[in-house]
Amino acid sequence: MKVTIKEIAADAGVSVSTVSRVISNNPKISESTKEKVRESIERLNYKPNIMARGLVKKRTGILGVIMPKEAITLFSSPFFIEVMQGISFKGKERDYYIMYDFCKNEKEEYEGTKKLVESGLVDGICLMSTRKQDKSIKYLKELEFPFVIVGEPEEKDGVSWVDNNNLKATYDMVKKVIPKGETDAVFIGGDKNLTVTVNRVEGFKKACKELKIESHVYLGKDFSREEGFRLAEISFSERNCKNFIISDDNLLKGFLEYLEKFHIENINIGSFNRTNLKGIWKNKVFLLDIKPEKLGVEAVNILIDNILEESKMNSKVVDIELN
């Protein structure tokens, strides 16, 4: 039967977190404790072998990427494809392999993070989303395990991250998309617990307040096409509005499907990400390129620099400009 990290901890008389710190060669663990844990690992023949090599070399040359539920519908989500391209490109350039773990929900993301850390397979973790009171972030911080987030975290102390300035981007988009003299605007977004949603809603409300127009927010359970259609249905049933900010390309596609089905025209729409739209919409929807591939590149640079202790920079804001 395969030996677990819990058995190593019990044999060495230390906590599971201490074993994880030894595996990642955390400098805060004393040499005597490291030696005791390594003796247990060798005696119990703890697997996989790649971990044992990592103990000797101190690194495995692999990065783990935790993909959220929105990425499961990968081929309908250009954002995640482009971020993965950036991660893979920069990882290869810096001589690192990438291991992707696709998760169905927040619980799986947390469990996947723990398994990757405890396995000793990876030198660092990249989280592709961040939530309020994020358990994965708390776990990685407690272990002092190298990690980076694609997304701005709620608590930034001791956390490495890369993101756009989503508040400012949404604020600027409202000012560009909504004509003067309008009386109200609607924001269509996804999961309310995600930091990206929180920041974009804040930017939307701030701009609406300055324009002295009413702001209405409709948030769904996720960023799916189906939610985009459903939220469009709800918003049009409650008010007659023609100014919309859509927080994601999949939500946008569902929203546009609703407009087509009910032959709704003369709508002002702004949305995020570069997405392929039907010809009838190409000149009618303002799309903001948030440079997802660059987000992936910068995330890998920050993470590897932290692993190699070559940099203390823990955050990077990727600038985006309105065309």
Exercise for the section: Go through the residues of segment 96-107 one by one and say whether even a single one is open to solvent by less than 80 Å² (accessible area, probe 1.4 Å) and among the basic types (K, R). Expected result: no
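Residues to consider are F223, F244; find the one that is among the aromatic types (F, W, Y) and modelled with pLDDT of 95 or more. Spell out how you get there, then give the answer.
Values: F223 fails: modelled with pLDDT of 95 or more.
Going through F223, F244 in turn, the sole match is F244.
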Practice task
Report whether or not K28 is modelled with pLDDT of 90 or more and more than 27 Å from T197 (Cβ to Cβ).
Solution key: no
Completion exercise
When restricted to K115, K92, the only residue under 15 Å from G61 (Cβ atoms), open to solvent by 40 Å² or more (accessible area, probe 1.4 Å) and without any contact (Cβ under 8 Å) to a residue 24 or more places away in the chain is K92
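Of the residues that sit in segment 175-200 and are out of contact with any Phe, Trp or Tyr (no Cβ under 6 Å at 6 or more places or on another chain), among the aliphatic types (A, V, I, L, M) and not in a loop (DSSP other than H, G, I, E, B), which one is nearest to F272 (Cα to Cα)? Steps first, answer last, please.
Keep residues of segment 175-200 that are out of contact with any Phe, Trp or Tyr (no Cβ under 6 Å at 6 or more places or on another chain), which gives 175-176, 178-185, 189, 191-200.
Within this subset, residues satisfying the condition of being among the aliphatic types (A, V, I, L, M) are 178, 185, 194, 196, 198.
This time we only want the ones that are not in a loop (DSSP other than H, G, I, E, B), so: 185, 194, 196, 198.
Values: A185: 16, L194: 16, V196: 12, V198: 15 Å.
Among them, the one singled out is V196.
So which of I290, I245, I213 is within 30 Å of P146 (Cα to Cα) and either β-branched (V, I, T) or within 16 Å of the chain's Cα centre (by Cα) (or both)?
I290
Which residue out of G270, G220 is on the phi < 0 side of the Ramachandran plot, small (G, A, S) and touching an Asp or Glu at 6+ places or on another chain (Cβ under 6 Å)? Working first, answer last.
Working: G270 fails: touching an Asp or Glu at 6+ places or on another chain (Cβ under 6 Å).
On inspection, the qualifying residue turns out to be G220.
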Handout entry: Pair list, Cβ < 8 Å and 6+ apart or interchain, from segment 294-306 residues that are within 17 Å of P78 (Cβ to Cβ) to residues that are hydroxyl-bearing (S, T, Y)
Key = G296/S88
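Within segment 134-168, can you find the residues that are of a type in the set (D, E), touching a residue at least 12 places away in the same chain (Cβ under 8 Å) and in a loop (DSSP other than H, G, I, E, B)? First the steps, then the outcome.
Pass one, segment 134-168, residues of a type in the set (D, E): 134, 142, 144, 152, 154-155, 157, 163.
With touching a residue at least 12 places away in the same chain (Cβ under 8 Å) added as a condition, the list becomes 134, 142, 144, 152, 154-155, 163.
Within segment 134-168, D134, E144, E152, E154, E155 qualify.
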Fill in the blank from the handout: Selection from segment 90-138 of residues in contact with a Pro (Cβ under 9 Å, 6 or more places away or on another chain) and of a type in the set (S, T, Y) yields S119, S129, T130
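Scan segment 207-243 residue by residue and report those that are touching a Ser or Thr at 6+ places or on another chain (Cβ under 8 Å) and closer than 17 Å to E260 by Cβ. Write out each step before concluding.
Just the residues of segment 207-243 that are touching a Ser or Thr at 6+ places or on another chain (Cβ under 8 Å), to begin with: 207-209, 213-214, 216, 218-219, 223-225, 241.
Correct list: R225 only.
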Exercise for the section: Working only within segment 140-175, note down all residues that are out of contact with any helix residue (DSSP H, G or I) (no Cβ under 7 Å at 6 or more places or on another chain) and of a type in the set (F, W, Y). Expected result: W161
Exercise for the section: Mind counting the residues in segment 175-214 that are of a type in the set (A, V, I, L, M) and over 28 Å from V162 (Cα atoms)? Expected result: 4
Problem - Residue list for segment 25-44, restricted to those being open to solvent by less than 60 Å² (accessible area, probe 1.4 Å) and of a type outside the set (A, V, I, L, M) - result: N25, N26, S30, T33, K34, S40
Exercise for the section: Would you check which residues across segment 247-280 are modelled with pLDDT under 90 and basic (K, R) and list them? Expected result: R274, K278
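The values are calculated or read from the model by the stated rules, or taken from the named source; none is laboratory data. None of the values given here were measured: they were computed from a predicted structure. Neighbour counts are summed over all protein chains in view; Cβ atoms, including those assigned to glycine, are modelled from backbone coordinates with ideal geometry. The protein model used for the area step is the full one, side chains on, heavy atoms only, and it has no ligands, DNA or RNA in it. Shrake-Rupley method; radii C 1.70, N 1.55, O 1.52, S 1.80 Å.
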